[in-house]
Amino acid sequence: MTMPVYLTDKEKKRLSRTKRVEKEKEKQEMVKFGLMPAPLPKIKISNYQKIMAKDAISDPSGTELVAKAIIQKRQEDHFNANEARRLHAEAKDQKLLSKHLSAQAD
C-alpha cells in the first residue's frame, strides 16, 4: 500500500497559479492563431472613455449609453452562467445524501 502524498499550502498555491497561467497562455495562443475570437475589452463606467476614445469625444452621451448596455450584457451573462452552474433542489439533495452515505461508510 502506498502512502498518499500531501502538498503543503505553499505548494498547492504554486500549482494553482501555474495551472492558471498555463490556461491563460493557451487562450492567448488560440486567439493569436485565429482559432478563438479575441475577448471584448472589459468596459467599466470609469474606463469607457479610454476604450472608446474617438466616439466618446464626438458623442459622450451616446457612448455612455453604449457602455452601460455592454456592462449590463456582461453582468447578465455572468448571472446566467452562475445560474447554469448552480445545483437545483433535486441535485443538491442527491449530493447531500451521497455525502452523508460516504461519511457513514468511513
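Just so you know, all these numbers are worked out from the coordinates, no wet-lab data involved. Because the structure is a prediction, the values reported are computed rather than measured. Positions of Cβ are generated from backbone atoms using ideal geometry, with glycine treated the same way; all protein chains shown enter the neighbour counts.
Scanning the stretch 1-43 for residues that are more than 30 Å from residue 53 (Cα to Cα) and hydrophobic (A, V, I, L, M, F, W, C) turns up 1, 3, 5, 7, 15, 21.
Here's the yes/no breakdown for (1) more than 20 Å from the chain's Cα centre (by Cα); (2) free of Cβ contacts under 8 Å to residues at least 60 places away in the same chain; (3) loosely packed, with under 10 Cβ neighbours inside 10 Å:
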{"residue": "7", "(1), (2), (3)": "yes, yes, no"}
{"residue": "34", "(1), (2), (3)": "yes, yes, yes"}
{"residue": "37", "(1), (2), (3)": "no, yes, yes"}
{"residue": "59", "(1), (2), (3)": "yes, yes, no"}
{"residue": "70", "(1), (2), (3)": "no, yes, no"}
{"residue": "76", "(1), (2), (3)": "no, yes, no"}
{"residue": "93", "(1), (2), (3)": "yes, yes, no"}
{"residue": "96", "(1), (2), (3)": "yes, yes, no"}
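What do you reckon, is residue 80 under 30 Å from residue 26 (Cα atoms) and either exposed (fewer than 11 other Cβ atoms within 10 Å of the Cβ) or in contact (Cβ under 8 Å) with a residue 40 or more places away in the chain (or both)? Show your work before the answer.
Details: under 30 Å from residue 26 (Cα atoms): yes; either exposed (fewer than 11 other Cβ atoms within 10 Å of the Cβ) or in contact (Cβ under 8 Å) with a residue 40 or more places away in the chain (or both): yes.
Here the answer is yes, as residue 80 does meet what is asked.
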